[in-house]
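J.: Pasting a structure below so you can have a look.
A short reminder: the numbers here are calculations on the coordinates, not readings from a lab. Computed from a predicted model, the values in this text were never measured in an experiment. Positions of Cβ are generated from backbone atoms using ideal geometry, with glycine treated the same way; all protein chains shown enter the neighbour counts.
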């Protein structure tokens, strides 16, 4: 039978993967670095090295995109005390200008194979293998929005920051009136 501690660890490890995906999509390089252990390493298509060099490489590599969207799918974590093996499958959508450039408009299927460790800061990635399963071009397929509405942006201009602050303000306001 699984214990509450095991459920908590599995949840924290899954959340770690999701925080990575969101941080890459929002171009939040501090948050990307925060998911790696101090001695963390990453092996991606076109890169293999320590986490600091990886974040610098990723920031430069993704600057050509207008946006990215990582969708994490199947996830499983095997716990071994303060270490764990996690495997997460997903898709990563990339788009950029010009819209017909195949190197800036593609979707890929991936698996993250992660060695994670419980450090004083919590679960962190010690080593990641980003396995590329497939890539397809999306060049020439991007359409203009159908109407007005919120649009995502890489970096601090994304609507998520202001929306989060509104939710936090509402929660704080509720606490003051209770």
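J.: Here is a list: 83, 70. Which entry is more than 26 Å from residue 156 (Cα to Cα) and in contact with a strand residue (DSSP E or B) (Cβ under 7 Å, 6 or more places away or on another chain)?
T.: Details: 70 fails: more than 26 Å from residue 156 (Cα to Cα).
Going through 83, 70 in turn, the sole match is 83.
J.: Just checking, does segment 157-170 include any residue being surrounded by 10 or more Cβ atoms within 10 Å (Cβ to Cβ) and touching a residue at least 40 places away in the same chain (Cβ under 8 Å)?
T.: Yes, that holds for at least one residue.
J.: Across segment 128-144, what is the total count of residues that are over 30 Å from residue 52 (Cβ atoms) and in contact with a strand residue (DSSP E or B) (Cβ under 8 Å, 6 or more places away or on another chain)?
T.: At the first step, the residues of segment 128-144 found to be over 30 Å from residue 52 (Cβ atoms) are 136-144.
If we keep only those that are in contact with a strand residue (DSSP E or B) (Cβ under 8 Å, 6 or more places away or on another chain) too, we end up with 136-139, 142.
Number of matching residues: 5.
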